[in-house]
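Values quoted throughout were computed directly from the atomic coordinates according to the rules given, and no laboratory measurement underlies them. This is a predicted model, so every value here is computed, not measured. Note: ideal-geometry Cβ built from the backbone for every residue, glycine included; neighbour counts use all protein chains shown.
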Amino acid sequence: MKMTGAQMMLDGLVKEGVEVTFGIQGGKVIPLFDTMPQFPQIHHVLTRHEQGAAHAAEGYARATGKVGVCIATSGPGATNLVTGIADAFLDSVPMVAITGQVNRPDIGKDAFQEVDITGITLPITKHNYLVLDTPSMPRIVREAFYLARTGRPGPVLIDVPGDVFMEETEFHYPKEFDLPSYKPTLRGHPAQINKAAKVINDARQPVILAGRGVIVSGAYAELKELAEKAQIPVITTLLGISAIPESHVLSYGWLGMHGMVHANMATDAADTIIAIGMRFDDRATAKVSAFNTRARIVHIDIDPAEIGKNIKVDVPIVGDVKTVLTQLNKVVETSQHIDWISQLDEWRRTHPSLNIRDSESVLPQYVVRQIYEATKGEATIVTGVGQHQMWAAQYYHYDHPNSLITSGGLGTMGFGLPAAIGAQVGRPEAIVWCLDGDGSFQMTIQELATIQQERLPLKIAILNNGFLGMVRQWQELFFGKRYVATPLSGPDFVKVAEAYGIPGTMAKRREDVIPAIEQALSEPGPFLIDFRIEPEENVYPMVKLGGSLVELLEGEDVKKGVVKS
Amino acid sequence: MTGNKHTLVALVEDRPGVLNRMASLCRRRGFNIESIAVGHSETPRLSRMTIVVDGTNAMIEQLRKQLDKLVVTMKVSDITSDNIVVRELALIKVKANSETRSEIIQIVDIFRADIVDVAEESVTVEVTGDEDKIDSLLSLLRGFGIKELSRTGRIAMTRGGTSLLGEDKDKTGGRRQKKAAS
C-alpha cells in the first residue's frame with residue numbers, strides 16, 4: 001500500500017491512541033493539516049501561539065497521563081514551542097512535538113523559515129528525530145511515542161521536511177521495533193529492596209518525600225500502604241502535591257522554598273529519608289550542602305542519573321515507583337513512630353504556616369481558600385508561575401490524585417492558561433480552574449480565543465496585584481524595596497475577556513469574593529474573575545536567601561518587625 | 001573543583017548527530033573534553049568513542065550516567081581504574097636541515113617512532129604510545145622547532161578477555177541482545 005508521509009504520520013498518531021492535537025498551521029505543515037480530515041478520530045485544537053500549543057499539550061498530558069501532542073510549522077513556529085518543550089523536559093511530561101521543516105534539498109541553505117530545531121532542542125528533549133527518509137516515518141512515530149511515555153517520561157520532537165509529508169511511498173507499519181540501547185529498569189534490585197527495608201525498619205524518625213514520580217507511576221495506593229504500614233509521615237514536593245490526600249492523617253504538606261514550616265523542620269530533623277520519585281531539586285532542598293546530613297537516605301527513582309546527582313544517598317533503588325513500592329511493602333515491617341509523629345504535630349501547631357489574617361481587602365490566601373470551599377476540593381487546579389502559584393499550592397487542599405497542575409522545574413510564567421486548556425480538554429467533565437497572576441496571565445492571554453473557539457467551560461481566577469509579585473517580594477526583602485520593572489499597569493481583564501466573548505467580573509472587596517466564585521460556578525461556560533488583591537502581600541513561609549530548609553521567614557516575623565528590608 | 005583525568009569509553013549508534021549529542025551533553029553539564037576519539041567498533045552500526053575528561057569520581061559518575069541515558073548510547077564505562085591499554089598517535093612535523101637531521105632520526109629511533117616524510121627543511125614523525133611517551137618525544141623535538149602537530153587523542157581498551165558489552169550481563173540481564181526487528 002502507498003501513503004504520503006502526512007498520512008503515515010497521522011496513521012501513526014491514531015495507532016498510538018492520539019485523540020487530540022494542539023498547534024498552529026504554517027507553510028511546511030499545510031500538507032499535514034490538509035490530510036487531517038481523512039483521520040476524523042483526531043481533534044485539532046487551534047491555539048493562538050505555539051507556546052500555548054506546547055503548554056496545552058503538557059496540560060493535557062499532565063491531566064490524563066497520555067502523551068500530549070503539539071504541532072508547529074518550521075522556523076518561528078518551531079522555536080515558539082521551545083519553552084513548552086523545556087518545561088515538559090524538566091517536569092518529565094510525556095509529549096510528542098511535531099514540527100515542519102524546509103524541503104530536504106533546502107536544508108542547510110538558510111531557506112525561508114528554516115531553523116535547526118533538532119539542534120536547538122537537543123538539550124531539552126529526551127530524544128529527537130529529523131525524518132529524511134519517508135518510509136521510516138511509521139517507525140519513528142512509534143519510537144517517539146514509546147520513548148515519550150516509558151521510563152522517565154519526557155518530550156520527543158519529530159522534525160519533518162515539507163516534501164516528506166507530501167512524498168508518497170510504500171507503507172509498512174512496523175509490528176515491532178528495536179531500541180537496543182533503551183531499556184528502562186522497572187523492577188528494583190532485590191538486594192537493594194532488602195537494604196532499604198532494613199533502613200526503614202531501623203528508622204526512628206523517618207519521613208517520606210514523595211515527588212511527581214508517584215503521580216506519574218500511579219503509585220497512590222502503594223505510597224499510602226507504605227506510609228500506613230510503617231507509620232511514616234509523608235511530605236511531598238511541589239510537584240508531588242496530591243500524591244497522598246492532604247487530609248490523610250500521615251500527610252504533612254509539602255517542603256521547600258515556600259513549603260510548610262513543620263515539613264521543612266521534619267525533613268531537617270529526620271534520621272531516615274525515603275525519597276520517592278523526586279530529584280532533590282534546589283527549591284525543595286534549599287541550600288543543598290546544608291540538607292539533612294545525618295539522615296540515612298533511600299532514593300527510589302526510575303532515572304539512574306538522578307541517583308547521587310544533588311544529594312549523596314545511602315540506598316539507591318532504580319525502578320518504577322509503583323513496582324518498587326510493591327516490592328518494598330512486602331518486606332517492610334509494621335511499626336510505630338508515636339513520639340516522632342507527635343513531634344511533627346507539635347511543630348505544625350507551633351508554626352502555623354497557613355493562617356489567613358482578617359482583612360477588609362481581598363487577600364489572595366482567602367480567595368484560594370474560598371475557591372476550595374466552593375468547589376469542595378473537587379476541582380483540577382492549574383496555575384501560572386509566581387506568588388499566586390505558591391498560594392494556590394498552599395491554600396487549596398488537594399485530596400484527589402493529580403489535582404494540581406503546575407510548572408515546577410522550569411517555572412514558566414504563561415503556563416497557566418494554555419495548560420488549563422489542555423487539562424480541560426483531557427478532563428471534559430472536570431471543573432478546571434486556572435489560578436493565575438496578572439503578570440503570568442498576560443504572557444499567554446491570547447489563548448482566551450482558544451477557550452472561546454473550543455467552548456471550554458474553564459474558570460479563570462486572576463490574583464491581580466499589579467506587580468510581577470514574586471520579584472517584587474524579593475525586591476522588598478532583599479533589594480531595599482526598589483521596585484524596578486515590577487509594577488504592571490494591567491488592562492481591565494474583565495473587558496479583555498468580554499472582547500473574547502467570555503463573561504467575567506471583578507472582586508475588589510472581601511465581600512465580593514464568594515459571590516464572584518459562585519457566579520463563575522453557576523455559569524455553564526467559561527468565566528473570568530479579576531481579584532484585585534492586596535498589592536504587597538507576600539508569600540510565607542519563605543526560606544531565606546541561600547538559607548537551609550529551617551532558616552525561614554515566617555509571616556509572623558515580618559509583622560513583628562524581625563525582618564528588616 | 002579539581003579531580004583527575006578519567007577515560008570513558010562509549011559504544012554508540014553510528015548515525016549522524018551522535019557525536020554532537022555526546023559533546024553537547026558534556027558541554028551543558030560543564031565538563032571540558034580533553035580529547036575525544038571516534039571510530040568503528042567490532043559491532044556493525046556501533047561506533048566506539050574514547051572520551052578523556054577531568055573531574056572527581058562523583059562528577060564523572062554523574063556524567064557517565066547522563067551519557068548512558070542518551071537513547072543513542074549502548075554503554076558508557078569509566079575504565080580509568082581498570083587495567084587498560086592506552087594509546088595515542090601523533091604526527092609531528094619538525095624543522096630539520098642537514099646538520100640536525102641525523103640527531104632527530106636518532107631520537108626518533110630511541111622512541112621507536114617512524115619518519116614518514118622527509119623534505120628539505122623538515123621531517124615528519126609518526127609516534128604511537130601513551131600520552132607520556134608522546135609528551136617526552138615532543139619535549140625533545142621542541143628544540144629543533146615544531147612546524148605542525150596533530151594528535152589523535154587517547155584510545156583505550158581493557159586488558160584481558162572481557163569486552164565492553166560482555167561485562168555488562170549481570171547488571172542488565174543481557175539487555176544487549178537484539179530482538180529481531182521486523
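When Lys and Arg each count +1 and Asp and Glu each count -1, what net charge do the other residues less than 15 Å away from A:H127, Cβ to Cβ, add up to? Spell out each step's value before the answer.
On the way: positive: A:K126, A:R139, A:R142, A:R149, A:R152, A:K183, B:R15, B:R21, B:K69; negative: A:E143, A:D159, A:D178, A:D303, B:E13, B:D68.
Net charge in that neighbourhood comes out at +3.
At most 14 other Cβ atoms within 10 Å plus a DSSP loop assignment makes a site exposed; report the longest stretch of chain B without any exposed GluC sites (Glu not before Pro). Write out the running numbers ahead of the final one.
Details: sites that count: B:E42, B:E99, B:E120, B:E121.
With GluC sites (Glu not before Pro) excluded where exposed in loops, chain B gives B:122-182 as its longest stretch.
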Per the 1/(1 + (r/R0)^6) rule, R0 = 22 Å and r from the Cβ atoms of B:V118 and B:V86, FRET efficiency to 0.05 is 0.15
Report, as an integer, the average count of C-beta atoms from other chains found within 10 Å of each Cβ along A:178-185.
-> 6
Just flag the trypsin sites (Lys or Arg not before Pro) in the range A:324-396 sitting in loop per DSSP whose Cβ has no more than 12 other Cβ atoms within 10 Å.
-> A:R357, A:K376
Cβ charges +1 (Lys, Arg) and -1 (Asp, Glu), total dipole of the protein assembly as shown, debye | 1100
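Mind checking A:304-310 for the average number of partner chain beta-carbons within 10 Å of each residue's beta-carbon?
Working: counts 5, 9, 3, 3, 4, 5, 1.
Across A:304-310, the average partner-chain Cβ count within 10 Å equals 4.
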Given +1 on the Cβ of Lys and Arg, -1 on the Cβ of Asp and Glu, and no further charges, what dipole in debye does chain B carry about its Cα centre, rounded to the nearest 20?
-> 1260
Once both labels are modelled 7 Å past Cα along the beta-carbon direction, what's the A:R294-A:F479 spacing in nm?
-> 3.8
Rounded to the nearest Å, the spacing of the alpha-carbon centers of the range A:460-528 and the range B:1-78 is 49
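Can you give the average number of partner chain beta-carbon atoms within 10 Å of each beta-carbon in peptide B:17-28, as a whole number?
Values: counts 6, 0, 0, 3, 4, 0, 0, 3, 2, 0, 1, 3.
That works out to 2 on average.
Just from its helices, what would the mean residue ellipticity at 222 nm be for chain A, if runs of 4 or more DSSP H residues each count -39500 (n - 2.57) and the sum is divided by every residue, rounded to the nearest 500 deg cm²/dmol?
Values: 23 runs with 215 residues, N = 565.
About -11000 deg cm²/dmol.
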Can you tell me the relative contact order of chain A? Whole percent, Cα pairs under 8 Å, sequence separation 6 or more.
-> 14
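At most 16 other Cβ atoms within 10 Å and a DSSP loop assignment: could you name the chymotrypsin sites (Phe, Trp or Tyr not before Pro) in the range A:88-152 that fit?
Values: sites: A:F89, A:F112, A:Y129, A:F145, A:Y146; in loops: A:F112.
Counting only loop positions with at most 16 other Cβ atoms within 10 Å, the chymotrypsin sites (Phe, Trp or Tyr not before Pro) in the range A:88-152 are A:F112.
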